[in-house]
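A short worksheet on the structure shown next.
The values are calculated or read from the model by the stated rules, or taken from the named source; none is laboratory data. As the structure is a prediction and not an experimental result, all values here were calculated from the model. We place every Cβ from the backbone using ideal geometry, glycine too, and count neighbours over all the protein chains shown. Each accessible area value is taken on the protein alone, full model and side chains, heavy atoms only, with ligands, DNA and RNA left out. Shrake-Rupley method; radii C 1.70, N 1.55, O 1.52, S 1.80 Å.
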Amino acid sequence: MKKIVFLDEYSMSGCDLSRIKALGDYVGYEKTHTTEEVVERCKDAEIIISNKVLVTREAMEQLPKLELICVAATGVNNIDVKAAQERGIPVKNAVGYSTHAVAETTLGSVLALYRKVGYYDRYVKSGDYAQSDVPFHFGHATHQLYGKRWGVIGLGNIGREVARLASAFGCEVAYTSTSGAAREEAYPALPLEELLAWADVVTIHCPLNERTRGLIGRAEIARMKPTALLVNVARGGIVDEAALVEALDADRLGGAAIDVYEKEPMVPNSPLLKIQKSEKLLLSPHNAWSPVEAIEVLIGCIAENISKAQ
């Protein structure tokens, strides 16, 4: 039996891994932090599973038995794919497992921002509503989603599902492709600059690569409407976090929701934690992808990738 090493089991949120364990001589580690730990733990392994642990060229050079790297996610930016290709080591990711989860998170974030869910929840729970002499409170204006223009950056599996849901809510949808690929789609394609100026809502669903790193910076945010919403559920590093906070606090942007960060976990001095108008910003700890149902599908994807390689 081939040895299988899972480097960051914690990322499966305690879900049952028996389908993977049955496929070989399995060893799992809760967390793995360094290249030295990767080498030590995988020195006899034919198969590595990693969600976010870096598997570098340096590590691969010291793992002569390695035959397969399984990424417990869609993005493969934590793997030195070029080094793996040079060694004939396939890198298999999990495609489509989180499509509905991330799309639902995207829609939920936009609705929460438009309806000021956080503010009004705090208002009622604080007891202020119970002390009011009127039945309504309008501390922050709310807006409906119907009729808004929704711009999708990256029309892959998740982006396409977000576009479908936005259309169902009565939005006009357009997209921009970060790959430059020309395809027949149900929605019009716009250059990024035009999309940003056109949209009431901009949501990001592209991979992090040399084309998309720093894609949304000060200049791009400045093109957006001052009432627009920006949602990043793709990868940190695509949006300039400092520029985003500056725009929100200066009322040059209506609101934002961020699930992914330049550094993960977020650094203590992150500009996102220094925002003054906190009601305009929703933050979550990179968990848009992680409903129990999605993780169960993910585990099945990993097991299938291993089975096909054996």
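I'd like the FRET efficiency for E264 and S18, computed as 1/(1 + (r/R0)^6) with the beta carbon distance as r and R0 of 30 Å, rounded to 0.05.
Calculated value: 0.60.
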Hey, got the dipole for the chain? About the Cα centre, +1 on K and R Cβ, -1 on D and E Cβ, debye to the nearest 20?
300
Non-local amide H neighbours of L230 (under 5 Å, H modeled in plane, Pro and chain starts lacking H): which ones?
V202, G255, A256, A257
Given a 1.4 Å probe and every protein chain left where it sits, what share in percent of the accessible area of the stretch 255-296 is carbon and sulfur?
55
Projected label distance in nm at T35 and A141, using a 7 Å step from Cα toward the beta-carbon
5.4
GluC sites (Glu not before Pro) lying in DSSP loop within the stretch 191-272, provided at most 11 other Cβ fall within 10 Å:
E210
Assuming R0 = 41 Å, what is the FRET efficiency of E296 and D133, from their Cβ-Cβ distance, to the nearest 0.05?
0.25
Sorted peptide list for 284-291, 30-37, 124-131, 70-77, criterion being average Cβ within 10 angstrom, highest first:
70-77, 284-291, 30-37, 124-131
Mind ranking 91-101, 230-240 by how tightly packed they are, going by the mean number of other C-beta atoms within 10 angstrom, highest first?
230-240, 91-101
How many Å² of accessible area per residue for the stretch 103-193, probe 1.4 Å?
57
Relative contact order of the chain, please, whole-number percent, based on alpha carbon pairs below 8 angstrom and at least 6 residues apart.
16
On a straight-distance basis, which lysines could pair with K116 in a cross-link, Cα separation under 28 angstrom, same-chain partners fewer than 8 positions away excluded?
K125, K148, K225, K263, K274, K277, K280
If you average the sequence gap of Cα pairs under 8 Å that are 6 or more apart and divide by the length of the stretch 130-214, what percent do you get for the contact order?
35
For the stretch 53-60, take each phi angle, set θ = phi - 60°, evaluate the Karplus expression 6.51 cos²θ - 1.76 cosθ + 1.60, and give the result in whole Hz per residue in order, putting x for glycine and proline.
5, 6, 10, 9, 4, 4, 5, 4
